[in-house]
Each structure stands twice: as C-alpha cells, then as structure tokens.
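S.K.: I'd like to ask you about the structure that follows.
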Amino acid sequence: MWIVFAVLSAVFAALTSILAKIGIDGVNSNLATAIRTVVVVIMAWGMVFLTHAQSGLTEISKKSWLFLILSGLATGASWLCYYKALQTGEVSKVVPIDKLSVVITLILAFVFLHEEFTAKSLIGCILIAAGTLIMVL
C-alpha cells in the first residue's frame, strides 16, 4: 500500500508546483507560503479529527516533540525557499533542483540513521544528480 501513497505523493507534489507557479503571480512569495501553510494546517488537523487521532497528542515524548518541531522548521524553510525560487525561476528548472533533496536525504540517512548505502543507492544518486544537471543547463 505504501507504493500507492508514494505515487500519489508524487502526483500531488507535481500539481503543487504547477498550481503554485500560477497562483504566485503578483503575490509575495512569503505571503503565498503562509497561505499554503494555513491550508495544509487545516487539512492536517481535519484528518486528525476525522480519524480520531487527537487522543495520541498527550502520548508524544519530549524527543518526538523536539524532532517534529525541528522537522516543521525545516519544512517551513524549504517551502519559503521553494516559493521564492518558483516566483523568480522556471518550474522546469526549480523542480529538478528541489528534487536533489532525494540525494541529500539518502546521504543524511546513511550518516545519521545508519541506513544501508548500497551500490544501487550510489548509482541512483549519481543518475539523479546527472539528470538534474542536464535539466537545468
């Protein structure tokens, strides 16, 4: 089932880029990010209440709170930079560079989470980086 959600994530991410590029025309990129964030917050809390997951709020450890907050800050910084890049650049160049996050994530997972970094992972990272370079030049 995870693969279905991963594919849907990719489709929605693609729509995000196109819809954002159209919607950001004439709008300050920070304001656009704030509007997007409010919509995401409402949608996320809606899902929490729809699935009755709010009772788990009190069970979250301090460590989890810390890392979820740090993750939120990283997401916010990513979105602010992404919207600024979208506003001033071409979607066809911004998105491939943004997707270098796959390569960076794999490296960070290897270093900090001690996940396996295989020859397949290395080849994939090289291909993604090469593909990005080809697309933006």
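Nothing in this text is a laboratory measurement; each read-out follows from the coordinates by a stated rule. Only a predicted model underlies this, so the values are computations on that prediction, with no experimental measurement involved. Here the Cβ positions follow ideal geometry from the backbone for every residue, glycine too, while neighbour counts run over all protein chains shown.
S.K.: Go through region 100-107 residue by residue and turn each phi into a ³J(HN,Hα) via Karplus (6.51, -1.76, 1.60, θ = phi - 60°); whole Hz please, and just put x for glycine and proline.
M.R.: The phi angles translate into 4, 4, 4, 5, 4, 4, 4, 5 Hz.
S.K.: From the phi of every residue in region 113-122, what ³J(HN,Hα) in whole Hz does the Karplus formula 6.51 cos²θ - 1.76 cosθ + 1.60 yield, where θ is phi - 60° and glycine or proline is x?
M.R.: Result, ordered by residue: 9, 6, 6, 5, 10, 8, 4, 4, 4, 4 Hz.
S.K.: Let me ask another. Net charge within 15 Å of Ala32 by Cβ-Cβ distance, Lys/Arg positive one each and Asp/Glu negative one each, not counting Ala32 itself? List each step's numbers first, then the result.
M.R.: Details: positive: Lys21, Arg36, Lys84; negative: Asp25.
Here the charged neighbours net out to +2.
S.K.: Quick check on packing: order 34-42, 69-77 by the mean number of other C-beta atoms within 10 Å, highest mean leading.
M.R.: Answer by packing, highest mean first, reads 34-42, 69-77.
S.K.: Also, I was wondering about something else. With springs only between Cα atoms under 10 Å apart, run a GNM on the chain and tell me which of Leu127, Leu31, Leu57 wobbles the most.
M.R.: Looking only at Leu127, Leu31, Leu57, the biggest GNM fluctuation is shown by Leu57.
S.K.: Does the chain come out rounded, prolate or oblate by the C-alpha gyration tensor, with a ≥ b ≥ c the root eigenvalues, rounded set by a/c under 1.5 and, if not, prolate when a/b is larger than b/c and oblate if not? Don't skip to the answer; put the middle values down first.
M.R.: Details: a/c = 1.86, a/b = 1.11, b/c = 1.68.
Because a/c hits 1.5 or more and a/b fails to exceed b/c, the chain counts as oblate.
S.K.: Measure out, as a whole number of angstrom, how far apart the alpha-carbon centroids of region 1-75 and region 107-122 sit.
M.R.: For region 1-75 versus region 107-122, the Cα centre distance is 26 Å.
S.K.: Continuing with this model, one more query. If you add up the charges near Ser78, with Lys and Arg at +1 and Asp and Glu at -1, over every other residue whose beta carbon is less than 15 angstrom from its beta carbon, what do you get?
M.R.: Once positives and negatives cancel, what remains is +2.
S.K.: Between Ser121, Thr16, Val111, whose Cα lies farthest towards the positive end of the dipole of the chain when Lys and Arg beta carbons carry +1 and Asp and Glu beta carbons carry -1, centred on the Cα centre?
M.R.: Among Ser121, Thr16, Val111, the one farthest towards the positive end of the dipole of the chain is Thr16.
S.K.: Tally Lys and Arg at +1 and Asp and Glu at -1 over the other residues with C-beta under 14 Å from the C-beta of Gly124: what net charge comes out?
M.R.: Here the charged neighbours net out to 0.
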